[in-house]
Amino acid sequence: MVFDIYLLEAIINGLLLGGVLALLALGLNLIFGVIDVVWISYAELVMAGMYGVYWLYAFFGVPLVLAALIAIFGVAVLGFLVHYLVISPILGKPPINQLLATGGLLFFLQSFATLLFGVEFRNIGLRLPVIELWDMYFSFARILAFAAALIGMVSLYVFLKRTFMGTAIRAVAQDREIMATMGVNTRQVYLITSAIGGGLAGLAAGLLVLQYDVHPAVGLSFGPITFMICVLGGLGNLLGGFVAAFIMSQFISIGGFYLDLEWGYVIAFVFFIVMMFLRPQGILGRRG
Amino acid sequence: MLELRSVSARYGSFQALFDVSLDVRAGEAVAVLGPNGAGKTTLLRVISGLLPVAAGELTMEGRSLLDLPPHRIIETGIAHVLENRRLFPRMSVEENLKMGAFIRGARARFRERLDVVYELFPRMAERRDQFAGTLSGGEQQMCAIGRALMSGPKILLMDEPSAGLAPVIVEQVFGLVDRLRGEGYTVLIVEQNVQQVLQLVDRAYLLEVGSIKTSGSAAELAADETLRRAYIGI
Amino acid sequence: MTGRRLQYAGLAVLVALPFVGVPEYYMHILVLILIWGFVYTAWAIMGRFGLVSLGHGAFLGIGAYTVALAWNLLGLTPWLGIPLGVGLAVLVAVVIGYPCFRFRVVGHYFALVTLALGEVVRLTIVALRDHTGGSLGLTPNRYGEGTSLYALQFADKEVFYVIALLLWLAGIWIWRRVDASMARFAMDALSEDEDAAASVGVHVTAQKLRITMLSAALTALGGGVYAQYLLYVNPGTVSGIGVSLQIVFAAIAGGMFTALGPTVGAMITIVLAETLRIAIGTEVIGLDTTIYGVMLILFIIFLPKGVLGGLIELYERRTAGGAGAMAGKREVGGGA
């Protein structure tokens with residue numbers, strides 16, 4: 001095949017998209033790995049954060065960076081509350097109940113957003129430049145999102161690796177039962193993990209709002225792909241999720257380049273289903 | 001130092017301990033012996049808070065442990081070396097040791113105690129960056145004991161440290177326990193390896209079907225005919 | 001005895017309804033309850049055995065779009081279009097189900113695979129916008145005056161009521177058959193412990209596959225009838241994650257372990273939505289579903305067996321205990 005500069009553009013755009021997807025998957029994966037719960041409503045937390053940024057920026061004129069920081073904090077609090085109010089009462093129940101309870105939360109957050117903001121698509125109305133490079137065009141918002149997502153992921157890595165609490169969070173994912181003998185309050189670890197997961201969703205929200213319109217159902221457009229990425233990488237496997245995010249984003253981007261954006265997603269999902277049969281433990285996962 | 005008065009415990013509807021009374025004085029090494037399923041592991045789990053006390057009293061240095069949440073018990077100076085080691089397999093040796101120093105009082109002295117543990121187990125220093133899951137059985141036991149020491153405990157609860165190890169390694173592990181005694185640690189050890197453990201401890205209790213059957217000095221129990229026949233097989 | 005007499009009385013009322021002149025709006029609500037009740041029952045046939053599908057929108061969408069597309073593009077009567085949709089849905093169920101059960105994709109993983117399936121179908125419908133109308137939806141062409149047996153289009157709601165009632169009764173009957181047959185015991189055994197089931201000679205893969213095919217077929221049938229009733233289909237309302245979750249929640253809210261549970265779920269959700277919509281008006285969009293979402297969370301935390309399941313449990317405890325009758329009543333009031 002001849003070299004195609006537009007294909008290269010699509011691949012690089014896929015890479016940039018992969019950064020944000022990896023960030024989304026990281027939050028969900030962290031929560032799954034540590035608490036053993038799938039938050040079906042994770043993308044709705046992102047949606048809440050997007051509304052938060054939109055609202056602060058467009059209505060109150062709060063500077064964008066500050067609005068994003070407030071959103072990170074706000075969604076972190078929301079994540080904390082999700083665990084405190086919804087998950088912890090049913091922690092010992094069958095996993096499917098927990099999944100469904102967060103599904104109820106999905107409905108709740110979606111309709112609550114409708115109640116507050118209506119069903120209109122809203123845009124923060126910020127025009128960011130487009131960068132031209134050898135005939136290829138990249139939106140600055142995407143590059144910014146990619147960079148910020150990477151910074152977010154590296155900070156989380158450092159936290160998990162260096163601090164006592166971060167180490168405890170990883171330890172809980174390996175053997176939750178014995179944590180009390182080391183003086184670790186697993187309940188506290190779960191709450192902190194949920195808040196971190198929320199904070200990551202808040203960061204993703206601040207980045208996505210630069211590129212996409214906000215509407216109550218916006219979570220549904222990237223929620224499913226986030227789950228698939230997590231499962232593809234091996235649920236709870238942070239590195240696997242990272243790799244899977246870039247694989248899936250290439251499917252979407254290249255598929256979208258040759259066909260349609262929807263076909264890109266269809267191919268990505270079909271790839272996911274097939275991989276579930278071939279490697280149910282995930283591309284980097286361990287068996288069992 | 002550690003005292004149990006008529007302690008009972010249960011898993012759901014199954015009662016695992018009946019009126020167990022036991023005490024360990026400071027500086028002592030005490031063994032709990034008994035067949036499989038007698039409730040030895042349960043006893044240690046009750047002390048370290050992994051299993052709630054159903055009835056009775058449990059005190060550490062005169063302070064009741066019953067009103068403490070499980071994760072606070074280690075702060076009173078009780079460290080538990082769990083059955084089957086239970087290391088975090090996909091974390092390095094040093095990270096496992098770091099988890100041992102999680103409690104507030106231990107964090108500040110993490111580096112200092114790390115040196116102590118590495119001095120005690122030079123093997124651990126060599127393998128500090130290796131995943132704990134890749135260690136040999138004996139090394140894993142060292143790591144598990146090291147992890148317990150990182151909290152700066154007064155008493156060590158040891159659950160079958162010799163289980164699943166080759167005889168030579170078992171010797172080493174018991175040698176280790178002996179050294180810990182020399183360092184001034186109080187030890188409560190659960191073992192199936194009756195003969196060897198009786199050479200190591202001051203006193204022992206015999207636990208059968210969740211109740212204390214008999215107790216006495218190590219010498220008395222070693223001479224006890226029924227015990228010899230049942231467990232030592234001589 | 002009284003239970004059976006109650007059943008016949010209830011059935012008589014249901015059959016008599018279209019002949020006593022129920023206002024059109026209420027007829028519409030009843031038809032919706034019956035069709036959705038049927039779909040939820042179809043989901044519960046597999047859901048109750050631990051096969052929690054988050055992708056039943058796929059089967060519903062296949063059923064609805066096949067009949068509409070066959071009619072519009074090929075001029076194929078719904079009498080053939082609906083079976084075609086059912087067949088397609090069963091085919092998809094096998095293609096997805098067989099490897100899932102063969103490779104023991106269970107729990108979370110099964111739920112997420114089915115979720116992906118639901119999205120694949122929704123996005124395929126959107127992507128085929130030249131034929132399907134994309135996210136704007138699709139309207140089956142009207143045939144003649146609006147009432148035709150050939151086109152399965154009826155201007156009168158009463159006719160659809162009868163069709164929906166028959167459909168729903170068939171659904172309940174099938175649920176009972178599955179419940180009573182040996183398959184039930186086998187499935188109960190394998191939802192608890194696959195290895196144990198396999199050791200007593202239950203062919204786990206085949207059993208699960210059979211139940212999944214049945215559930216997919218019924219769901220697609222429901223989708224086809226739904227399309228014929230509304231004469232409008234939209235990828236958002238018949239496929240995708242939204243409707244898939246709605247199916248799961250309504251079935252669970254009603255109670256998936258009793259025959260009428262999913263129907264009760266349909267009643268609760270539809271009546272609730274309609275009541276709230278009328279009470280609050282269309283000004284405040286989203287309040288009804290907000291309340292609905294909160295209720296779902298509360299249901300799963302406090303009433304995992306659903307309203308009907310919970311009531312039955314309470315009734316059984318009361319008849320067993322006797323003394324706690326008043327306390328029990330108060331609890332029902334509080335719960336409902």
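Throughout, read-outs are computed from the coordinates displayed, never taken from laboratory work. As the structure is a prediction and not an experimental result, all values here were calculated from the model. FYI the Cβ positions are ideal-geometry reconstructions off the backbone, even for glycines, and counts take in every protein chain you see.
Points to keep in mind about this one:
- Hydrodynamic estimate: the Kirkwood radius of region A:60-168 over Cα pairs, inserted into Stokes-Einstein at 10 °C and 1.306 mPa s, corresponds to D of 88 µm²/s.
- Only aspartates and glutamates eight or more places from A:LYS93 in sequence, or on another chain, were considered; those with a Cα closer than 12 Å are A:ASP36.
- Note on chain A: the alpha carbon radius of gyration divided by the globular reference 2.2 N^0.38 Å gives 1.00.
- Mean ellipticity per residue at 222 nm, deg cm²/dmol - from DSSP H runs of n ≥ 4 across chain C, formula -39500 (n - 2.57): -25000 deg cm²/dmol
- Distance violations [Cα-Cα > 28 Å] among C:LYS208/C:LYS305; B:LYS98/B:LYS154; B:LYS40/C:LYS305: B:LYS40/C:LYS305
- In region A:1-41, Rg over Rh equals 1.30, where Rg is the alpha-carbon radius of gyration and Rh the Kirkwood radius from pairwise Cα distances.
- Alpha-carbon Debye profile of region A:176-237, log10 I(q)/I(0) at 0.28 Å⁻¹: -1.17
- Calculated log₁₀ intensity ratio I(q)/I(0) where the Debye formula runs over C-alpha points of region C:93-150, q = 0.24, 0.27 Å⁻¹: -0.91, -1.00
- Per the Debye formula on identical point scatterers at the alpha carbon atoms of region B:56-98, with no solvent, log10 I(q)/I(0) at q = 0.33 Å⁻¹ is -1.17.
- Convex hull volume per residue for region A:149-199, taking Cα atoms only, in Å³: 67 Å³
- Look at the alpha carbon pairs under 8 Å that are at least 6 residues apart: their mean separation over the length of region A:1-89 gives a relative contact order of 18 percent.
- Over all distinct Cα-Cα pairs of region B:26-126, the Kirkwood formula returns a hydrodynamic radius of 15.8 Å.
- In terms of Cα atoms, the Rg and Dmax of region C:44-89 work out to 12.9, 40 Å.
- Modelled spin labels at B:ARG25 and C:VAL94, positioned 7 Å past Cα toward Cβ, are 8.0 nm from each other.
- Here A:PHE121 and B:SER211 are evaluated by their C-beta separation; at R0 = 45 Å the FRET efficiency comes out at 0.05.
- Pairs of alpha carbons in region B:127-234 whose separation is greater than 16 Å (percent): 62 percent
- Prolate/oblate/rounded label for chain C (Cα gyration tensor, a/c 1.5): oblate
- Prolate/oblate/rounded label for chain B (Cα gyration tensor, a/c 1.5): oblate
- Rounded, prolate or oblate (a/c below 1.5 giving rounded, otherwise prolate when a/b exceeds b/c) for region C:1-104 by Cα gyration tensor: oblate
- Label separation (C:ARG129 vs A:PHE246): 3.2 nm, computed from points 7 Å beyond Cα along the C-beta direction.
- Volume per residue of the convex hull around the Cα atoms, evaluated for region A:1-104, comes out as 146 Å³.
- Förster radius 35 Å - calculated FRET efficiency between B:ARG111 and B:ASP67 (Cβ-Cβ, nearest 0.05): 0.55
- Annotation: the residues B:SER48, B:SER6, sorted from fewest to most other C-beta atoms within 10 Å of their own C-beta, follow the order B:SER6, B:SER48.
- On the beta carbon distance between A:ARG187 and B:ARG90, with R0 = 35 Å, the FRET formula returns roughly 0.90.
- With the cut-off at under 18 Å, measuring from each backbone N in region B:125-154 to a point 7 Å along the Cα-to-Cβ line of B:ALA166 picks out B:134-143.
- Residues B:LYS40, C:LYS208, A:LYS161, arranged from fewest to most other Cβ atoms within 10 angstrom of their Cβ, appear as A:LYS161, B:LYS40, C:LYS208.
- Whole-Å distance, taken between Cα centres, linking region B:152-219 and region A:10-71: 53 Å
- Approximating the spin labels as points 7 Å out from Cα along Cα→Cβ, the C:ASP179-to-A:VAL154 distance works out to 6.1 nm.
- The calculated P(r) of the protein assembly as shown, using every Cα pair and 10 Å bins from 0, goes 2, 11, 18, 20, 18, 14, 9, 5, 2, 0, 0 in percent.
- Taking the helices alone, chain B has a mean residue ellipticity at 222 nm of -9000 deg cm²/dmol, built from -39,500 (n - 2.57) per DSSP H run of at least 4 residues and averaged over all its residues.
- The ranking of C:VAL90, A:VAL77 by Cβ neighbour count inside 10 Å, starting from the fewest, reads A:VAL77, C:VAL90.
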